[in-house]
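**Q** Sharing a structure below in structure tokens format, with a few things to ask.
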Amino acid sequence: MDVAGPTGLRRLGERRLPMRYEFRITGRVSEPVSHAFPELREFPAARQTLFFGTVTDEAHLYGLLGRFRDLGLHVEEMRRLPD
Amino acid sequence: MTVPLTGDPLLAAKLAVPCHAPGLVRRPRLLNRLTLGTKGPLTLITGAPGVGKTALAASWARSASASRPVVWVTLDEDDTPGVFWAYVVEGLRRSGALAEDDLGTPVCADDVDRSLLVRLASALELAPPLVLVVDGLDKAPGNAVPEGLRFVSEHAGPALRLVLISREDPPLPLHRYRAEDRVHEIREHDLAFTRKEAVQLLRGQGTAPDGPLVDLLLEHTEGWAAGLRLCALAMARSEDPADFARSFTASEQAVSDYLLTEVLAAQPEPARDLLLRAGVLNRVHPDLVAALTGRGDAGRILQDLARCHAFVEPLPGTQWYRFHPLFAAALRAHLRSRQPELEPLLHRRAARWYAEQGRSAEAVDEAAAGGDWSFAAAQTVQHLLVVPLLAGGGSPSADTFSRMPEDVPGARAALVAAACRMARQDVPGCRSWLARAEAATGGPALETEPADGLTAALLRLLSAPGAADEEAHRVAELLARLPSEERARHPELEPLRLYGQACARLRGGLPQPAREVLEQAVRACCGDAAVLLRHRCLGRLALADAAAGELTLAEEHGAASLALADQHGIPESHRSGAAGLALAAVALEREDLAAAAGHLDHAELLADTRDDLDLLIERSVLRAQLETARGAWDAARTHLDGHLEGPAAASPGPAARLAVAHATAALARGDLDAAATALDQVGTGDAMPSHTVALAQVRAAADHPAQALRLIETAEESDALTVSDRVRLLLLRAHQALLDGHEDRARDLLVQALDTARPEGLRRPFTEAGPWVRHLAAGLDGRSGSYTWLGAPHAPADRPVVEQLSPREREVLQQVARMMSTDEVAAELQLSVNTVKTHLRGIYRKLCVSRRRDAVERARELHML
């Protein structure tokens, strides 16, 4: 029987795929500080900075949030981008 | 390691209340909150970096408001749970709250076993009231530290008041604590500076801004302490404070980024360069900074920076400084953007400085961080750091070198790789890297440097396929050539050598000589540095005792090994299953199958009963014996079959052990051919009488009495006969006499066998011999009381009680005895279900049982209930 068969497995697999995320940071970020996030692309916005990029997994995600915090940056918004 | 706490001011600084920062603002409203909070069990101070968490707790700890003694522990990035608990234990000892013998020092950097926390909680329950401050809880990797703190806090009773400082909410059941009013929280918005406090702070930094300016800064920084301090710094250096404030508030840049960039830019060039370079390290010494920057005035610059409270703060009681975490991250970002190639270079320079200072463990860490594996390996070999690596638990560990590429040239890198393989019990891997090391020097000598020769010889000894006494002597010779202070620095060297020699002898099938060496090894293990090794030596000694038929001693040594592990909270990852296997072997020999299964189940959870080939063979043999005793012969064979072709079977000891176990299982199911084949696979020799005995059993069963007799006589001449060999030989002779119709003589021999077996409570040979024993014994009435003990149930003293139950465990067991479920016990005693389970595990272990019904029965036998 495969109630949790192929579909269940695929869903699990999808979760593990790299995900694209967007982070909105309060204020603009200087060039050296953006170097602390080499895996993300950065776009300035009004009184905000947007960081986009591929997040490998949850550990990477929490690591990124920790890095923002360590630099005293406030994450205003964070969302997963549609594939 | 052991975590070296004495003599190193740097580590003592972790137990000191942080220094009073210049220009610190006294914040009575928050100090009162802390005083209030510490009237309850838990106070939590949370907030982003730089909101003044540590400053608040430190100023409270120094002030008179702290009416109880305060024990302070600062966590750093690289502190693992084992290291953390070692600091806590040390801090509590220094404050007088713990006595030396309440519990052992944690000796494994990775983690501690729950048993240590149980002891800690019960010791604190009786200790005078105190406050334990843990600063930087978020830095502990994983949930182990908060989980442990939760356990201790919930079980230590009202004497312990915890203050936890963290950037994030720790994984504690805060919701429940709030509902039960068990936690007092001081959160980020509480820590934000009020207008009055902000004015004080700015004045303290030598600026006296007017009212509207203060409001502006306060609004823009949202009362963020570090932000205000950075503003003060920038304004102190600027000609026109108002101008700074204007551009700051007009800027669209993130507050922390703007302020840090401003303040960094406002530093004179030398200070800026110094900050960028030194920022790659977590803590710095003036001389280390001088080495990183090439500046003679590094010390003065650091002092100036600390005086105006910029970026660095001194570590109490030392010449060292640490970076505020907020600045460290920013400085690294700035360095990476300006000179990305510099970071590894700085680590390498730091490695060389540490090496010059004789701090070789730190030198290895920095060299590894800088990717300079040749230097890391050279330091490790030269300073004999493979010894702690092999003895286990500390730094550097095999993990330090996990990123080392395989193609690092040179004999030393190969030696380190071999040692890492050995530390992970990968003996074939160790041997192949040793061969590479030898090839790299063009021969097996490696004699150019004494440390290289010693390292190689030690590894050769530890990975020897059989008895290696010459190699052990070689190590001893090289050891004697070391300068005495070098020898004193590594007290684990001699026990490690003896351990290696003994394991090699066991592999060579020489349990008796192995025991002699292991006894020396146990005696040679002194101090916290050798606790792990002592635990392992005692376990192997117990195994060797069991192999030599000394069941009582095996039991004592096995129990001592387990007790030592509990005393020091050795985590499961570092425990050896040798002691458990030995206790299982004893139980099997005494026909206590339930206890044997319990010990085996426990031992099989420990990694070295899988990874260490000798222990793996022992474990499979014991499983097979257990199945044979239960009559499940096929199952017995499956446990053994996989090993016959394996590498371990190449060593005489394990090979003989496997063959005999195979033969015994085959004999029990009446398959004489299989038994003979199994025994034929290893050559007979005087050293292995158990093999000859088994062969005699097969011949006797196959109805070749003459051949059997010759084998019995050969075996009897051996001076390595164990008690169980002797009992088996007597039984063989008794059976033969019975078959020959000499019943009286058979009885005499049986009485002899019984008298030989009795002191050790050895029962298995009698059951294995077959039903004739029972018939013959029936006629013993009046001749001797010998047979009665064999049939009697096990006396309670047969199974060792490792240690007494704690009061809490006794309570739990009393509830269990009332037939309550775990959930019911938890509700009754107001504990969590997990805590009850932890206590149950402790009870099982201490009573050597594996089920709750057995635990209750056993506790009743021992009058513990």
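The values are calculated or read from the model by the stated rules, or taken from the named source; none is laboratory data. Note that the structure is a prediction, hence the values are computed from the model and not measured. So basically every Cβ, Gly included, is an ideal-geometry build from the backbone, and we count neighbours across all protein chains shown.
**Q** For the stretch B:842-859, give me each residue that is in a helix (DSSP H, G or I) and touching a residue at least 12 places away in the same chain (Cβ under 8 Å).
**A** B:Gly842, B:Ile843, B:Tyr844, B:Arg845, B:Lys846, B:Leu847, B:Arg852, B:Asp854, B:Ala855, B:Val856, B:Arg858, B:Ala859
**Q** What residue, of B:Ala488, B:Ala548, B:Ala560, is hydrophobic (A, V, I, L, M, F, W, C), surrounded by 20 or more Cβ atoms within 10 Å (Cβ to Cβ) and at pLDDT below 90?
**A** So the residue among B:Ala488, B:Ala548, B:Ala560 that is hydrophobic (A, V, I, L, M, F, W, C), surrounded by 20 or more Cβ atoms within 10 Å (Cβ to Cβ) and at pLDDT below 90 is B:Ala548.
**Q** Being of a type in the set (Gly, Ala, Ser) and at the interface with chain A (Cβ under 10 Å from one of its Cβ atoms) is the filter; apply it to the stretch B:205-240 and report the residue that is surrounded by the fewest Cβ atoms within 10 Å (Cβ to Cβ).
**A** B:Ala226
**Q** Still on this structure, please answer the following. Of the conditions (1) of a type in the set (Ser, Thr, Tyr); (2) surrounded by fewer than 18 Cβ atoms within 10 Å (Cβ to Cβ); (3) within 26 Å of the chain's Cα centre (by Cα), B:Ser360 fails just one. Which one is it?
**A** Answer for B:Ser360: the failing condition is (2).
**Q** Something else about it: Examine the stretch B:480-489 for a residue that is in contact (Cβ under 8 Å) with a residue 12 or more places away in the chain, assigned to a helix (DSSP H, G or I), more than 18 Å from B:Cys525 (Cβ to Cβ) and not polar (S, T, N, Q), and state whether such a residue exists.
**A** yes
**Q** Picking from B:Thr318, B:Thr293, which residue would you name as being away from chain A (no Cβ under 13 Å), at pLDDT 85 or above and touching a Pro at 6+ places or on another chain (Cβ under 7 Å)?
**A** Being away from chain A (no Cβ under 13 Å), at pLDDT 85 or above and touching a Pro at 6+ places or on another chain (Cβ under 7 Å) holds for just one of B:Thr318, B:Thr293, which is B:Thr318.
**Q** I'm told B:Arg348 meets every condition in (1) touching a helix residue (DSSP H, G or I) at 6+ places or on another chain (Cβ under 7 Å); (2) buried (at least 22 other Cβ atoms within 10 Å of the Cβ); (3) more than 14 Å from every other protein chain (Cβ to nearest Cβ) except one. Can you identify the failing condition by its number?
**A** Failed condition: (2).
**Q** So which residues in the stretch B:161-203 are within 30 Å of B:Ala127 (Cβ to Cβ) and assigned to a helix (DSSP H, G or I), if there are any at all?
**A** Across the stretch B:161-203, the qualifying residues are B:Leu174, B:His175, B:Arg176, B:Tyr177, B:Arg178, B:Ala179.
**Q** Is it true that B:Ala123 is of a type in the set (Gly, Ala, Ser), without any contact (Cβ under 8 Å) to a residue 60 or more places away in the chain and either more than 29 Å from B:Ala55 (Cα to Cα) or surrounded by 21 or more Cβ atoms within 10 Å (Cβ to Cβ) (or both)?
**A** Taking the combined requirement at face value, the residue satisfies it.
**Q** Another question, then. Can you tell me which residues in the stretch B:589-603 are closer than 24 Å to B:Gly842 by Cα and crowded, with 18+ Cβ neighbours inside 10 Å?
**A** B:Asp592, B:Ala595, B:Ala596, B:Ala597, B:Gly598, B:His599, B:Leu600, B:His602, B:Ala603
**Q** Separate question: Restricted to the stretch A:46-81, and to residues that are free of Cβ contacts under 8 Å to residues at least 12 places away in the same chain and not in a helix (DSSP H, G or I), which residue is farthest from the other protein chains (Cβ to nearest Cβ)?
**A** Result: A:Ala46.
**Q** I'd like to check something: does the stretch B:389-401 contain any residue that is under 30 Å from B:Pro106 (Cβ atoms), in contact with an Asp or Glu (Cβ under 7 Å, 6 or more places away or on another chain), part of a helix (DSSP H, G or I) and not acidic (Asp, Glu)?
**A** Yes, that holds for at least one residue.
**Q** Restricting to helices (runs of 4 or more DSSP H) lying wholly in the stretch B:241-283: which have 2 or more residues that are under 24 Å from B:Glu341 (Cα atoms) and within 13 Å of chain A (Cβ to nearest Cβ)?
**A** Filter on the stretch B:241-283 gives B:255-266, B:269-278.
**Q** Just checking, how many residues over the stretch B:159-202 are among the hydroxyl-bearing types (Ser, Thr, Tyr) and touching a Leu at 6+ places or on another chain (Cβ under 8 Å)?
**A** Adding up the residues that qualify gives 2.
**Q** Any residue that is of a type in the set (Lys, Arg), on the phi < 0 side of the Ramachandran plot, in a helix (DSSP H, G or I) and away from chain A (no Cβ under 14 Å) - is there at least one of those in the stretch B:404-414?
**A** Scanning the stretch B:404-414 turns up at least one residue that is of a type in the set (Lys, Arg), on the phi < 0 side of the Ramachandran plot, in a helix (DSSP H, G or I) and away from chain A (no Cβ under 14 Å).
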